[in-house]
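What follows is one structure encoded as structure tokens, with my remarks underneath.
Each value in this text was obtained by applying a stated rule to the coordinates, not by laboratory testing. Source: prediction; values computed, not measured. We place every Cβ from the backbone using ideal geometry, glycine too, and count neighbours over all the protein chains shown.
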Amino acid sequence: MRKLAIGTALSGALALAGLAAPAASAAAAPDLTFSGVTVNKGKPVVVGTSKAVSVPVSYTLTRPKDLVLDQKKNVQAVILYRGTLKSVVNDLGPDAPPVCTTTATTDTTVTESCTEKIVAAPDESLYEAADATTWKAAGLFVHSDETVSDDYLHGENDVTAWGNLASVKVQRAARLTVNAAPEPAVKGKTLTVTGKLTRADWAAGRYVGYKGQKVALQFKADGGSYANVKAITSGTGGALSTTVKAAKSGTYRFVFAGTATTGAKTSTGDHVTVK
């Protein structure tokens, strides 16, 4: 398991600022308020085995009027983390600076509406099954002071984070197949409907069978709409198999509702002509 500490590898925001591991200091925390944090429009973040997923984040930021957030010397962002701020197990950060628009000002404060994109990449930032869980959002502020010349380098970074601002589920993507046979079918005879339920294994970098899961078989007669036929349970390797009586021409599909750790999935349909 990859153990992180706040300020050691807050990947997105620190990388944007070009910072390494910040050193703690006694500088006073800035008076920032992150509110209305929404991650992925309130939906789970579902990640497969190869493609990075861009996760939209929106929030309201209120800052002192005299604090300039240039995303270089003063960096602000929202990150996702697993664990606690004292002991971060894993974190996900943005791949570009936030975009903020001023919505209100007072004599002492500025309020801005901000958006950013957090990147969830299998193998790069999601490593193990334990990453499929509920993550929390934190507001982050990093101040960097650096003195550089040809023969001298000195840098100090102050990190402040505000945790538990929102939560989001990160889930493993599922795949689901279906095949109804024989085709064409004879009215009143038995049709066998098979398929397979698999889900992303981030550690292995491939999809693996998902055993013991309830999956619904649905049927849509030509010109009609889908309705549940029966529920079955996936077997070894995620195998699905059941039988039905061929009554009329139409399309069969499997539907998996998902679990806390795995995203929902609906297979493509397989049309059968009944004669």
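List the relative contact order of the range 194-275 as a percent without decimals, with contacts defined as Cα pairs under 8 Å and 6+ residues apart.
On the way: 167 pairs, mean separation 23.0, N = 82.
Answer for the range 194-275 is 28 percent.
When a/c reaches 1.5 or more, the comparison of a/b and b/c decides; with that in mind, is the range 102-168 rounded, prolate or oblate per its Cα gyration tensor?
Oblate shape, in that a/c is at least 1.5 and b/c is the bigger or equal ratio.
Answer rounded, prolate or oblate for the range 11-170, using the Cα gyration tensor with square roots of eigenvalues a ≥ b ≥ c: rounded when a/c is under 1.5, else prolate when a/b is larger than b/c, else oblate.
Because a/c hits 1.5 or more and a/b fails to exceed b/c, the range 11-170 counts as oblate.
Name the residue from Trp202, Gln213, Ala264 whose Cα lies farthest towards the positive end of the charge dipole of the range 174-272, charges +1 on Cβ of Lys and Arg and -1 on Cβ of Asp and Glu.
Gln213
Taking the Cα centre of each part, how many Å lie between the range 184-200 and the range 119-150?
Centre-to-centre distance over Cα atoms comes out at 45 Å.
Taking the highest mean first, how do the peptides 183-189, 110-116 order by number of other beta carbon atoms within 10 angstrom per residue? Mind showing how you got there, number by number?
Working: 183-189: 12.1, 110-116: 18.4.
Put in order of decreasing packing, that is 110-116, 183-189.
At Ala52 and Thr190, where each label point lies 7 Å from the Cα along Cα→Cβ, what is the point-to-point distance in nanometres?
That separation, rounded to one decimal, is 5.1 nm.
Show me 228-234, 256-262, 143-149, 195-201 ranked by packing, highest mean number of other Cβ atoms within 10 Å first.
195-201, 256-262, 228-234, 143-149
Please compute the length gained on full extension between Lys230 and Leu67, using 0.36 nm multiplied by the number of residues separating them and subtracting their Cα-Cα distance.
52.6 nm
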